[in-house]
Amino acid sequence: MAKYDLDLFVIGGGSGGVRAARLSAGLGKRVAIAEEYRFGGTCVIRGCVPKKLFVYASQFPEHFEDAAGYGWTVSEASFDWKTLIANKDREIARLEGVYRKGLEDAGAQIIEDRAVLLDRHTIQAGSRTYTADKILIATGGRPNPHAALPGHEHCIFSNEVFDLPELPKSIVIAGGGYIAVEFANIFHGLGVETCLVYRGKEILGRFDMDMRRGLHEAMEAKGIRIHCQEHFTEIEKRSDGRLDAHLVSGKVLTADQVLLALGRIPNTEKLGLEATGVETGKTGEIVVDDYSQTSVDNIWAIGDVTNRVQLTPVAIHEAMCFVETAMKSNPVKVDHEAIATAVFSQPEIGTVGLSEDDAAKKFDEIEIYRARFRPMRHTLSGRQERMTMKLVVDAATRRVLGAHVLGPDAGEMAQLLGIPIKAGLTKDDFDRTMAVHPTAAEELVTMYKPTYRVKDGERID
């Protein structure tokens, strides 16, 4: 008889956990997966998917405005928040069903309960106890509550945004990362008076500075107020139900809602890690090696709970590597280099590879190719928004180290740019590629002369 009930027990039904469970069960392994809430995790239930639907909803006012330049007369438009929420909920329920069906078809056992580790091979889920040869932890993360902030209990977080009973007339958002920036653009597009408060000097730290500044300018031109080098000292509830956000400068911002988008923390509390000896880091993240293996050799962890790269496709990639390594005995290291990503702001940012600043620190000399122009779609609409394309190139080898786009469909471009940059192609390869005309993306293969160089950290024009 088998030593354990299961070959694999997966804790967490998000994108990474579901992929690992489904593929492992498909190999004929005895697999169970436990999820205490809903399958799909942050991405499907309260993250990427509903957010992108909200982005689409928030873009229509600009589409209606732009239509006039192309000869269209659009009658007075109105927006119903409750309709958006109801339609979003239906789509999320459909996607959750897809996740469940995939697990069932593969033969995985679904456990709708919270799972807690009792020891390195034993898991308690509800009233039952299971034993497993291998355990995979994929419990994800959650918004940092910032409990030390006085009045934080009056605020909402990204989880609650998707189910607000009413659309606020005004909102103040704390944070300067992609979550804060995306929600600022969403709420503004839906007609909400929007203000963004960020502790740093410029929004979107770690992104290329041209993208950061360009988006900042575009957001303020639309009417979004941005306060950099500021942070909250207290959130106070008024007698009329509105909120006063007190800033360190002494300013007070009054709004119907205050959204805290100040980072995320791993879901490791009360998971039973202490009983197993699994090592955790300063923020509670599970420490893993290049193969996602923890300090306990039969326990692995993937996704946001490891606090490596908090992106859904990364969790899925880590799941695929886990299956190869742990279930197929074919060790495959996780590759976190040159990850393409997007900020679904308005305008969008699409980026892959090194920023100019990061490349300048790692290479003796780099070339910067940059084009800034008004995209063709705005020529008849009258919209003044500019688009930026940028390539960062190692001067010695001509390898393209990074590509950055600010403008319409930048996210779509980033996905395709990820291929040549991951493949290590050179600027000469880009130059040999024929342009598709007329498109905005053609600029990526027609920038033949560098705009400037950076040598030993100094810009050379």
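Hey, could you check segment 115-146 for residues that are charged (D, E, K, R) and in a strand (DSSP E or B) and say which is nearest to R308 (Cα to Cα)? It would help to see each step written out before you state the result.
First pass over segment 115-146, keeping only residues charged (D, E, K, R): 119-120, 128, 133-134, 142.
Within this subset, residues satisfying the condition of being in a strand (DSSP E or B) are 119, 128, 133-134, 142.
On the way: D119: 25, R128: 32, D133: 25, K134: 22, R142: 15 Å.
That would be R142.
Out of everything in segment 251-275 that is assigned to a strand (DSSP E or B) and of a type in the set (V, I, T), what residue ends up being farthest from E193 (Cα to Cα)? Steps first, please.
Restricting attention to segment 251-275, the residues satisfying the condition of being assigned to a strand (DSSP E or B) are 252-255, 257-260, 264-266.
Checking the rest, the ones that are also of a type in the set (V, I, T) come to 252, 254, 258, 265.
Numbers: V252: 15, T254: 11, V258: 12, I265: 29 Å.
That would be I265.
Among the residues making up segment 92-128, those that are of a type in the set (V, I, T) and either touching a Ser or Thr at 6+ places or on another chain (Cβ under 6 Å) or farther than 11 Å from F9 by Cβ (or both) are I92, V98, I110, V116, T122. For segment 408-439, residues that are in contact (Cβ under 8 Å) with a residue 40 or more places away in the chain and in contact with a Phe, Trp or Tyr (Cβ under 8 Å, 6 or more places away or on another chain) total 2.
Selection over segment 210-221 of residues that are under 19 Å from the mean Cα position of the chain (by Cα) and closer than 18 Å to T451 by Cβ gives a count of 2. Pairs are defined by a Cβ separation below 6 Å, a sequence spacing of at least 6 or placement on different chains, a first member in segment 68-82 that is closer than 25 Å to F54 by Cβ, and a second member that is in a loop (DSSP other than H, G, I, E, B); the pairs so defined are W81/L167.
Return yes or no: is K237 without any contact (Cβ under 8 Å) to a residue 40 or more places away in the chain and not β-branched (V, I, T)? When the stated conditions are applied, K237 does not pass them.
For segment 292-308, filtered to residues that are part of a strand (DSSP E or B) and of a type in the set (A, V, I, L, M, F, W, C), the residue that is surrounded by the fewest Cβ atoms within 10 Å (Cβ to Cβ) is I299.
Being part of a helix (DSSP H, G or I), closer than 15 Å to M219 by Cα and not hydroxyl-bearing (S, T, Y) is the filter here, so list the residues in segment 147-185 that pass it. Even if it seems obvious, please write down each step before you answer.
Step one: of segment 147-185, the residues part of a helix (DSSP H, G or I) are 152-154, 158-161, 178-185.
Cutting the leftovers down to closer than 15 Å to M219 by Cα gives us 178-185.
Those that are part of a helix (DSSP H, G or I), closer than 15 Å to M219 by Cα and not hydroxyl-bearing (S, T, Y): I179, A180, V181, E182, F183, A184, N185.
Suppose we filter segment 418-435 for residues that are touching a Lys or Arg at 6+ places or on another chain (Cβ under 7 Å) and surrounded by 14 or more Cβ atoms within 10 Å (Cβ to Cβ); how many remain? Number satisfying all stated conditions: 2.
Residue-by-condition table, conditions (1) outside the structural domain of T379 (by TED's automatic domain parsing); (2) closer than 22 Å to V18 by Cα; (3) at pLDDT 95 or above:
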{"position": "G40", "(1), (2), (3)": "yes, yes, no"}
{"position": "L53", "(1), (2), (3)": "yes, no, yes"}
{"position": "A57", "(1), (2), (3)": "yes, no, yes"}
{"position": "R90", "(1), (2), (3)": "yes, yes, yes"}
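A quick yes/no check of all residues on (1) more than 16 Å from M209 (Cα to Cα); (2) of a type in the set (A, V, I, L, M):
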residue	(1), (2)
R374	yes, no
R398	yes, no
G402	no, no
V405	no, yes
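Do we have any residue at all in segment 181-196 that's among the polar types (S, T, N, Q), more than 17 Å from the chain's Cα centre (by Cα) and farther than 16 Å from S345 by Cβ? No, segment 181-196 contains no residue that is among the polar types (S, T, N, Q), more than 17 Å from the chain's Cα centre (by Cα) and farther than 16 Å from S345 by Cβ.
For segment 136-155, a residue qualifies if it is more than 14 Å from A261 (Cα to Cα), aliphatic (A, V, I, L, M) and either more than 22 Å from the chain's Cα centre (by Cα) or surrounded by fewer than 17 Cβ atoms within 10 Å (Cβ to Cβ) (or both), and the qualifying residues are L136, A148. When segment 436-451 is limited to residues that are among the aliphatic types (A, V, I, L, M) and touching a strand residue (DSSP E or B) at 6+ places or on another chain (Cβ under 9 Å), the one that is surrounded by the most Cβ atoms within 10 Å (Cβ to Cβ) turns out to be L444. Flag not set for G71, criterion: of a type in the set (G, A, S) and within 25 Å of the chain's Cα centre (by Cα).
Listed by position, the strands (runs of 3 or more DSSP E) enclosed by segment 309-417 that each have at least 1 residues that are under 22 Å from the mean Cα position of the chain (by Cα) and buried (at least 21 other Cβ atoms within 10 Å of the Cβ) are 341-343, 349-353, 387-394, 400-406. Looking at K101, K169, just one residue is basic (K, R), out of contact with any Cys (no Cβ under 6 Å at 6 or more places or on another chain) and without any contact (Cβ under 8 Å) to a residue 12 or more places away in the chain, and that residue is K101.
The values are calculated or read from the model by the stated rules, or taken from the named source; none is laboratory data. Everything quoted here is computed from the prediction, not taken from an experiment. No Cβ is skipped: glycine too gets one built from the backbone with ideal geometry, and neighbour counts run over all protein chains shown.
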